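Each value in this text was obtained by applying a stated rule to the coordinates, not by laboratory testing. This one's a predicted model, so the numbers in the text were calculated from it and none came from an experiment. Cβ: placed from backbone, ideal geometry, glycine included. Neighbour counts: every protein chain shown.
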Amino acid sequence: MSKIQHDISQALDCIKSGDTVLVGGFGLIGAPLTLIEGLTERDVTDLTIVSNNLGESGKGLGILLNQNKIKKGIGSYFTSNRDVGDKYQNGEIELELLPQGTLAESLRAGGAGLGGYYTTTGVGTDLAIGKEEREIDGIPYILEKAIRADVALIRAHKADTLGNLVYYKTARNFNPLMATAAKIVIVEVDEIVEAGELDPEEVVTPFIYIDTIVKAQQVLTKEGVVAV
Amino acid sequence: MSKIQHDISQALDCIKSGDTVLVGGFGLIGAPLTLIEGLTERDVTDLTIVSNNLGESGKGLGILLNQNKIKKGIGSYFTSNRDVGDKYQNGEIELELLPQGTLAESLRAGGAGLGGYYTTTGVGTDLAIGKEEREIDGIPYILEKAIRADVALIRAHKADTLGNLVYYKTARNFNPLMATAAKIVIVEVDEIVEAGELDPEEVVTPFIYIDTIVKAQQVLTKEGVVAV
Amino acid sequence: MTVQLSKSEMQHGIAKRVALELAGPCIVNLGIGIPTLVAEYMTEDNIYLHTENGLLGVTDVADEAIDPNLVNAGKLPVGEAVGASFFNSSDSFAMIRGGHVDVAILGALQVDETGVIANWAVPGKNIMGVGGAMDLLVGAKKVFVTMSHTSKDGSSKLLKECTYPITSTRQVDMIFTELAVFKVNAGQLELVDLMPGATIEEVREKTEAAFTE
Amino acid sequence: MTVQLSKSEMQHGIAKRVALELAGPCIVNLGIGIPTLVAEYMTEDNIYLHTENGLLGVTDVADEAIDPNLVNAGKLPVGEAVGASFFNSSDSFAMIRGGHVDVAILGALQVDETGVIANWAVPGKNIMGVGGAMDLLVGAKKVFVTMSHTSKDGSSKLLKECTYPITSTRQVDMIFTELAVFKVNAGQLELVDLMPGATIEEVREKTEAAFTE
């Protein structure tokens, strides 16, 4: 039963309307561009998207946004796509803004089976409104909850046939965290190698987390996103 | 200002009586045997030692235990050293027993600047006594606090001259976590290489965490611990 | 039991029976003792072993290849499978606690009739070690328990209620002894198999916990 | 200011002044805007740059070596230093929040007279982005702020109280503008330096916040 799937649309068949979907990447860097494009072609709506950004205007998740398929965005920096602001003004999308470190940590907590954690980040700011505050050993913290999702769409550099992953430079970012925090995890990669070709010391995401592997058809280059 | 220190005793000069010291390793595997031996030769007492085990009888931290230098042990499996039980019976040592995953997670939380976290592990058991229990999204969790320390003694396989570390197989265990959770971190390694020799993708502990590097003089072999 | 088995034969018999319940693809964590023996009897290709001290892809190792820094949670030498990976203890327990390990196979001192187990402490003795038992119980998708059916004094280890401190409020999924195999369904033990040489009468006699047949 | 500087000259002047305060060995995180320029003026060997998207050991990069997947937090192309390492976002913010980064250099919209800053939101506009600012403010051992001394309308950005939402209750350590350098001592601003061409009168006139000279 191979995890490798050549049909992108079929790989995404597990995503239903109303699902919460984690999408890797920091802007377009390390974003699963092939899977995002595939998602824009599927008939699903009311999605909650957890991603640092909602793409750029008309790019990446920005397309999905403009298709009105996103009910809610959870991220740290929506500023990178001005369309998000317009949609928000018009009441067409809900947004939950988290500090970037909190977004990352909540995903890790979700993957690790934790309920939540106390962080100093955000204490005393508007982003702490409605969150429980408590002192531990004299330091004030706020409670942040773990994030878990139905599906994660991530990007890695190489996968072996089992699903072990290694990443490429700063395209790593949120991807290894999201790999742990969803019921179903789909990864797109530049290259698929045989099991045994990745050094066990260097595997960043063990195969235990990966359900489906697809080959990237959209790649970020110096000249922008190109099809390969 | 090199981080490399050839004099073990001087490397350990930062440890004072009453300090909390993290000691890496799972039993003797991945334990900083050279630094532990060095510590047994120094005149410090009333230590709180955080380590999965307190060595074995008369080996590793077991020597420090028999010297009555340990006031309190925090770990998950003291069973590996029968002397711990005797000391405990005689009221010569305090013990705090944590589930192994909680010990690991509390160290990570300490290094990451978190105050504590909610875990399902231990809920409804004797190890939850005195700990806050709460439901989050219908699931009961208990609150576990972060662990931070004065000094960490860890073991890695290779360090570069800056202090970037890679580990060796299951000798990794608690070491990368402890590297993040103490004010001063001393690592012993099999080999010191030039900066630039470790692949940036494969560095497990970035040099930001490391204060002092020593060369291992005690090594675990098939025949037991030997001096090199 | 009509045929008297040695302790080792009993343990291997249990391990062999557990192995029948494992179908790939799956990730299995083996505890210390009888659970470790299960690896010898697994026949499916696509079963990978996880050990909480930081390795996914545990295999056995030939004597001449023993590496003192490559061990399982029982500190016994192991090998690494093709496709293995190493990770630190918090990442390892994140896998366990986060529900990413399919089956944990554990030993137990006692099991109650709802499937709750006690396996880490004995009253009156010092509480000296818990290791990863509590994490595995809350986190693994399925938990299988292996143990001898009775204590040295002949008393049942399948009890109405545990008298030792419990390891988790979570009910395990299956219980394997040298006499019988039980499934836990909605908090009730169900006898699903008799082990070779065991009789239903013997199981009834040596089991304090209520069970359905 | 008697000499009228271009915006770019002002920004570079501030960046150059900040660089004087950085002595190695230290780990520095540079925010977007003026802070990014600081790297051009650092002279000490033993300063390493951290970027929260997952790289310790940021350097500049030649045009021909630009790699679209190697960027800083401002998504600008960067290079990697000898001894660099890559890590995921939670590990990166663990470094920040856990107090392992020595200096964070950030931009600000406003600073109050106790050293508390506002740099992530403007009332009446949508709150659309915060990024790593709040994490850096709670976590970095020292925080330096760079900004123009006044808004476009000429009003002071060093205020008695911030009118925009604050980024953290933590007081920053130093504030750098095109006119002056302030230290924050026990919640009070102290003028420690005038920038080239600036006079004390001009600083007094353009600073609403109380400060000692």
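In degrees, nearest 10, range 0 to 90: what is the angle between the Cα axis of helix B:100-111 and the longest Cα principal axis of chain B?
Tilt relative to chain B: about 70 degrees.
For labels at C:THR169 and B:GLN67 in the simple 7 Å Cα→Cβ model, what's the distance in nm?
About 4.5 nm separates the two model spin labels.
Straight-line reach from C:LYS142: which aspartates and glutamates have Cα under 12 Å away, leaving out those fewer than 8 places along the same chain?
Candidates past the 8-residue exclusion: C:GLU21, C:ASP102, C:ASP173.
Can you tell me the relative contact order of region B:75-228? Whole percent, Cα pairs under 8 Å, sequence separation 6 or more. If you can, show how the numbers build up before the last one.
On the way: 271 pairs, mean separation 29.2, N = 154.
So the answer I get is 19 percent.
Please report the antiparallel percentage of the DSSP beta bridges confined to region C:7-212, to the nearest 5. Provide the component values of the computation, followed by the final result.
Working: 19 of 38 bridges.
Counting DSSP beta bridges with both partners in region C:7-212, the antiparallel share is about 50 percent.
Arranged by the count of other C-beta atoms within 10 angstrom, fewest first, what order do A:SER17, C:SER6, B:SER76 take? Intermediate values should be presented prior to the final figure.
Values: A:SER17 12, C:SER6 8, B:SER76 27.
With the fewest neighbours first, A:SER17, C:SER6, B:SER76 line up as C:SER6, A:SER17, B:SER76.
As a quick test, which of the pairs B:LYS131/C:LYS206; C:LYS183/C:LYS206; A:LYS158/A:LYS222; B:LYS222/C:LYS16; A:LYS222/B:LYS3 have an alpha carbon distance above 27 angstrom in this structure?
Numbers: B:LYS131/C:LYS206 38 Å; C:LYS183/C:LYS206 17 Å; A:LYS158/A:LYS222 20 Å; B:LYS222/C:LYS16 30 Å; A:LYS222/B:LYS3 39 Å.
With Cα atoms farther than 27 Å apart: B:LYS131/C:LYS206; B:LYS222/C:LYS16; A:LYS222/B:LYS3.
Would you mind checking which residues have amide H under 5 Å from C:VAL143's amide H? H placed 1.01 Å from N; only 5 or more apart, or other chain.
C:ALA104, C:ASP173, C:MET174
For C:LEU194 and C:ASP153, what does the FRET efficiency come to when R0 = 25 Å and r is the distance between their Cβ atoms, rounded to the nearest 0.05?
Numbers: r = 23 Å, r/R0 = 0.94.
Efficiency at R0 = 25 Å is approximately 0.60.
Classify chain B as rounded, prolate or oblate from the Cα gyration tensor: take a ≥ b ≥ c as the square roots of its eigenvalues, call it rounded if a/c is under 1.5, otherwise prolate when a/b beats b/c and oblate if not. Before the final figure, lay out each step's value.
On the way: a/c = 1.89, a/b = 1.27, b/c = 1.49.
Taking the square roots of the gyration eigenvalues as a ≥ b ≥ c, chain B is oblate.
If you average 1/r over all unlike Cα pairs in region B:94-165 and invert the result, what Kirkwood radius do you get in angstrom?
Every distinct Cα pair counted, the radius reaches 14.1 Å.
Write down the percent of antiparallel bridges among all DSSP beta bridges whose residues are both part of chain A, to the nearest 5.
On the way: 17 of 46 bridges.
Approximately 35 percent, going by the DSSP bridge assignments.
Using the Karplus equation 6.51 cos²θ - 1.76 cosθ + 1.60 (θ = phi - 60°), what ³J(HN,Hα) coupling, rounded to whole Hz, does each residue of region B:159-171 give in order, writing x for Gly and Pro?
Each residue of region B:159-171 in turn: 10, 8, 5, 7, x, 5, 10, 10, 10, 10, 6, 7, 7 Hz.
When the dipole is taken about the Cα centre of the protein assembly as shown, and only Lys, Arg (+1) and Asp, Glu (-1) are charged at their Cβ, what size is it in debye, to the nearest 20?
Numbers: 72 positive and 118 negative charges, 262 e Å.
Dipole magnitude for the protein assembly as shown comes out near 1260 debye.
Under the rule a/c < 1.5 gives rounded, and otherwise a/b versus b/c splits prolate from oblate, where does region D:87-190 land using the Cα gyration tensor?
oblate
Compare the Cα positions of D:MET42, D:LEU70, D:GLY129 along the charge dipole of region D:7-212 (+1 at Cβ of Lys, Arg; -1 at Cβ of Asp, Glu; about the Cα centre) and return the one farthest towards the positive end.
Farthest along the dipole direction, towards plus: D:GLY129.
Given the alpha-carbon gyration tensor of region B:96-228, what are the semi-axes of its equivalent ellipsoid in whole angstrom, ordered largest first, with each equal to the square root of 5 times an eigenvalue?
34, 17, 12
Counting other C-beta atoms within 10 Å, which of A:ILE63, C:ILE96, A:ILE136 has the fewest, and how do the rest follow?
Working: A:ILE63 18, C:ILE96 25, A:ILE136 15.
Least crowded to most crowded, the residues run A:ILE136, A:ILE63, C:ILE96.
Angle, helix C:7-19 long axis vs. longest principal axis of chain C, Cα atoms, 0 to 90°, nearest 10?
Helix C:7-19 sits at roughly 70 degrees to that axis.
Would you work out the charge dipole size for region D:34-146 about its Cα centre, treating the Cβ of every Lys and Arg as +1 and the Cβ of every Asp and Glu as -1, and quote it to the nearest 20 debye? Display every interim value, and only then the final one.
Numbers: 5 positive and 14 negative charges, 107 e Å.
Value, rounded to 20: 520 debye.
Neighbouring Cβ atoms within 10 Å as the yardstick, rank C:GLU202, C:GLU9 fewest first. All intermediate terms of the calculation are to be shown ahead of the outcome.
Values: C:GLU202 16, C:GLU9 12.
Neighbour counts put them in this order, fewest first: C:GLU9, C:GLU202.
Kindly flag which residue pairs out of A:LYS169/B:LYS169; A:LYS59/D:LYS7; B:LYS59/C:LYS7; B:LYS59/C:LYS141 have an alpha-carbon separation exceeding 26 Å in this structure.
Details: A:LYS169/B:LYS169 23 Å; A:LYS59/D:LYS7 31 Å; B:LYS59/C:LYS7 31 Å; B:LYS59/C:LYS141 37 Å.
From the list (A:LYS169/B:LYS169; A:LYS59/D:LYS7; B:LYS59/C:LYS7; B:LYS59/C:LYS141), the Cα-Cα distance tops 26 Å for A:LYS59/D:LYS7; B:LYS59/C:LYS7; B:LYS59/C:LYS141.
Can you find, among B:ALA179, B:ASN68, B:VAL151, the residue farthest towards the positive end of the dipole of chain B? Put +1 on the C-beta of Lys and Arg, -1 on that of Asp and Glu.
B:ASN68
About its Cα centre, how strong a charge dipole does region D:7-212 have in debye, to the nearest 20, once Lys and Arg get +1 and Asp and Glu get -1 at the Cβ? Present the calculation step by step, with values, prior to reporting the outcome.
On the way: 15 positive and 26 negative charges, 119 e Å.
My answer is approximately 580 debye.
Let's test this: bin the Cα-Cα distances of the protein assembly as shown at 20 Å from zero up to the farthest pair and state each bin's percent.
Computed distribution, short to long bins: 15, 45, 32, 7, 1, 0.
Check each of the GluC sites (Glu not before Pro) in region C:101-194 and keep only those in coil by DSSP with at most 15 other C-beta atoms within 10 angstrom; list them in order. Let's see the in-between values first.
Numbers: sites: C:GLU113, C:GLU161, C:GLU178, C:GLU190; in loops: C:GLU113, C:GLU161, C:GLU178.
Counting only loop positions with at most 15 other Cβ atoms within 10 Å, the GluC sites (Glu not before Pro) in region C:101-194 are C:GLU161.
Taking the dipole about the Cα centre of chain A, with the C-beta of Lys and Arg at +1 and of Asp and Glu at -1, give me whichever of A:TYR88, A:VAL193, A:VAL203 is farthest to the positive side.
A:TYR88
For D:ALA180, enumerate residues with amide H under 5 Å from its amide H, sequence gap 5+ or separate chain, H modeled in the peptide plane.
Correct list: D:MET195.
If you filter region D:71-139 for trypsin sites (Lys or Arg not before Pro), then keep DSSP loop positions with at most 15 other Cβ within 10 Å, what is left? Kindly include the intermediate steps, with their values, before the conclusion.
Details: sites: D:LYS75, D:ARG97, D:LYS125; in loops: D:LYS75, D:LYS125.
Passing both the DSSP loop test and the Cβ count: D:LYS125.
For A:VAL193, which sequence-distant residues (separation of 5 or more, or a different chain) have an amide H within less than 5 Å of its own amide H, given hydrogens modelled in the peptide plane?
A:ALA159, A:ASP160, A:THR161
Whole number please: convex hull volume per residue, Cα atoms of chain C, in Å³. Numbers along the way, then the final one.
On the way: hull volume 27.8 nm³, N = 213.
Roughly 130 Å³ of hull volume per residue.
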